[in-house]
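Heads up: the structure comes next, in structure tokens.
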Amino acid sequence: MNQLKYEVSKELGIMNSGPQEYAQYLDNAKYEVANELGIQLNKGYNGDITSRDAGRIGGQIGGRIGGNMVKKMIEFAESNMVNNGGKL
């Protein structure tokens, strides 16, 4: 899944470096976004934040990426249905 995120990000022009740099970008971005939204996010355990706040952080970071990932997965599934006579 992380590889797909990286590939979609690269296609969108969000990242032009390698997968490790992308992982570091995501790690840094979640703390920046949390700070901008006024959500306390700590290094390590964050099981005490609400799912709503976690979703707000993730939504800000991956909105475009996630939408394009779903699009690619649907295209893949449709392609395989055609190639396999409608069977997945």
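The values are calculated or read from the model by the stated rules, or taken from the named source; none is laboratory data. Nothing here was measured: the structure is a model prediction, and the numbers come from that model. Here the Cβ is made from the backbone with ideal geometry for all residues, glycine too, and neighbour counts use every protein chain on show. SASA here: full protein model, heavy atoms, side chains in, ligands and nucleic acids out. Shrake-Rupley method; radii C 1.70, N 1.55, O 1.52, S 1.80 Å.
If you go through region 21-46, how many residues are at pLDDT 90 or above, under 26 Å from Glu7 (Cβ atoms) and among the small types (Gly, Ala, Ser)?
The number of residues fulfilling the criteria is 1.
Return the pairs, sorted by first residue and then second, in which the second residue is open to solvent by 100 Å² or more (accessible area, probe 1.4 Å) and outside any helix (DSSP H, G or I), the first residue lies in region 76-87 and is closer than 24 Å to Val8 by Cα and modelled with pLDDT of 60 or more, the beta carbons are less than 9 Å apart, and the residues are 6+ apart or on different chains.
Ala77/Leu88; Asn80/Lys87; Asn80/Leu88; Met81/Lys87; Met81/Leu88
If I go through region 6-18 residue by residue, how many of them are in contact with a helix residue (DSSP H, G or I) (Cβ under 9 Å, 6 or more places away or on another chain) and open to solvent by less than 70 Å² (accessible area, probe 1.4 Å)?
Going through region 6-18 one residue at a time, the tally reaches 8.
Yes/no per residue for (1) at negative phi; (2) of a type in the set (Phe, Trp, Tyr); (3) surrounded by 13 or more Cβ atoms within 10 Å (Cβ to Cβ); (4) free of Cβ contacts under 8 Å to residues at least 24 places away in the same chain:
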site: Leu4; (1), (2), (3), (4): yes, no, yes, no
site: Tyr22; (1), (2), (3), (4): yes, yes, yes, yes
site: Leu26; (1), (2), (3), (4): yes, no, yes, no
site: Asn46; (1), (2), (3), (4): yes, no, yes, yes
site: Gly59; (1), (2), (3), (4): yes, no, no, yes
site: Lys71; (1), (2), (3), (4): yes, no, no, yes
